[in-house]
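The values are calculated or read from the model by the stated rules, or taken from the named source; none is laboratory data. Owing to the predicted nature of the structure, the values given are computational and were not obtained by experimental measurement. Neighbour counts run over all protein chains shown; Cβ positions are idealised from the backbone, glycine included.
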Amino acid sequence: SQLWSPAVCDAVWIVNYPSTVRILWVHNGMLLPANAGGRIRTVFTLRELARRHEVNVLSSYRAAAVDTQYEERLQAEFPDAQAVHLGGPWSWGGVARAVRLLSRVPDVVREASSPSLALTVAEHLKSGEFDVAVCDFFESAVNFPQRPEIPVVLFEHNVEWELMRLQSPLAPSLRERIAISIESRRLRALEAGAVSRFVHTVAVSEEDAAALRALAGHSRVTAIPTGVDLATYRPSVIPTTGAPTVAPAPRFSPSRRTPFRSPVR
C-alpha cells in the first residue's frame, strides 16, 4: 500500500484521476433531517456526488440509545451508508470536569472521538475499496490515522476556532469568557494540524479559505462557495400587480443580540 503525503498527492491524483471515484465520506453527527446549514450542505453535496461516483457514508452519532429510525432513514437516503452509535452524550460532572479543564482536547473533538470508530475508519482506508476519503467537519479528523493510506480531503464548513473566539466577548461571566478563550486556542491548534496533514482542504468561501491558508501555512485550500439546488428551490412567482417586496440578505455573525451558547457545562 502507498502512504500519501501532501507533497506528492496532488500530482499523482491528477494523473490517475478515474472517471468514477470511490469515496468514503466520514461525518460526525446525524445527517438527517437536513435542517441545519452543515447538514443541508453535506446532504445535497452527497446527493450530487452519488450521481457520478460511488459514495459510502460513515455517520457517527451520540445518543442515549441506538436511534433505529435515524439509521433506517440514513440507509434509505444513502443505501451504502453505515451509522455508528458512539454511546450517550459526555457528562462533565465531578472529576471529569477537572480533567476537562486540564486537557488539550476541545469538547467538540472529544465528543467526536471514539477508538472503535477510529479503527473502523483505518480499516476502510486500507481496504482498497476507496480512492479518496472526505473528513466532513474538522472534528472528525480525530478518528483518522496520522498517515492515511489514501488521500483525505478535509471539508471545512467554518473556521471553527475563529467562531469560538468571537463568542468570548459575548459571554455573560468572566468564568465563561476565560473558558471560551482557552477552548478557542485548543481548537486553533487542532484545526491547524488537521488542515496541515490532509492532502487538501475545501472551504465554503474565499474568506474562510484565506484564513485556513494562513492558519496552516500552505496553499492547499480551495474555496467552493455554497450554492442553491435550483431543482428544489425555485424563485417565487412575482405578482403582476403591486410592487415586489425586496428584503436584504444579511451576513450572520456573532453580536450582542445573538443568543449565547456557553461551552462551559
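One residue stands out in the stretch 13-32 among those that are surrounded by fewer than 13 Cβ atoms within 10 Å (Cβ to Cβ) and either at pLDDT 90 or above or in a helix (DSSP H, G or I) (or both): the one that is nearest to the chain's Cα centre (by Cα), namely ILE14. Among the residues making up the stretch 188-210, those that are of a type in the set (A, V, I, L, M, F, W, C) and surrounded by fewer than 17 Cβ atoms within 10 Å (Cβ to Cβ) are ALA189, ALA210. Counting the residues of the stretch 174-225 that are of a type in the set (Asp, Glu) and free of Cβ contacts under 8 Å to residues at least 40 places away in the same chain gives 2.
Could you please find all residues in the stretch 171-196 being within 20 Å of the chain's Cα centre (by Cα) and among the small types (Gly, Ala, Ser)? Matches in the stretch 171-196: SER184, ALA189, ALA192, GLY193, ALA194, SER196.
The set of residues from the stretch 33-82 being among the β-branched types (Val, Ile, Thr) and either in a helix (DSSP H, G or I) or crowded, with 16+ Cβ neighbours inside 10 Å (or both) comprises ILE40, THR42, VAL43, THR45, VAL55, VAL57, THR68. Looking only at the stretch 191-211, which residues are of a type in the set (A, V, I, L, M, F, W, C), touching an Asp or Glu at 6+ places or on another chain (Cβ under 8 Å) and within 21 Å of GLU111 (Cα to Cα)? Within the stretch 191-211, VAL195 is the sole residue that qualifies. GLU123 meets the stated requirement of being charged (D, E, K, R) and modelled with pLDDT of 95 or more.
Taking (1) modelled with pLDDT under 90; (2) buried (at least 18 other Cβ atoms within 10 Å of the Cβ) in turn, ALA98 satisfies each apart from (2). The residues of the stretch 209-227 that are out of contact with any His (no Cβ under 8 Å at 6 or more places or on another chain) and farther than 21 Å from LEU46 by Cβ, listed by number, are ALA209, ALA210, ALA211, LEU212, ARG213, ALA214, LEU215, ALA216, GLY217, HIS218, SER219. Apart from one condition, THR258 fits all of (1) modelled with pLDDT under 65; (2) farther than 17 Å from TRP161 by Cα; (3) out of contact with any helix residue (DSSP H, G or I) (no Cβ under 9 Å at 6 or more places or on another chain); the exception is (3). For first residues located in the stretch 147-173 and in contact (Cβ under 8 Å) with a residue 24 or more places away in the chain, partners that are polar (S, T, N, Q) and surrounded by 18 or more Cβ atoms within 10 Å (Cβ to Cβ) and lie 6+ apart or on another chain with Cβ distances below 7 Å form the pairs LEU154/THR201; GLU156/THR201; TRP161/SER184; MET164/SER184.
The residue that is farthest from GLU191 (Cα to Cα), counting only those in the stretch 115-146 that are of a type in the set (Gly, Ala, Ser) and under 12 Å from the mean Cα position of the chain (by Cα), is SER140.
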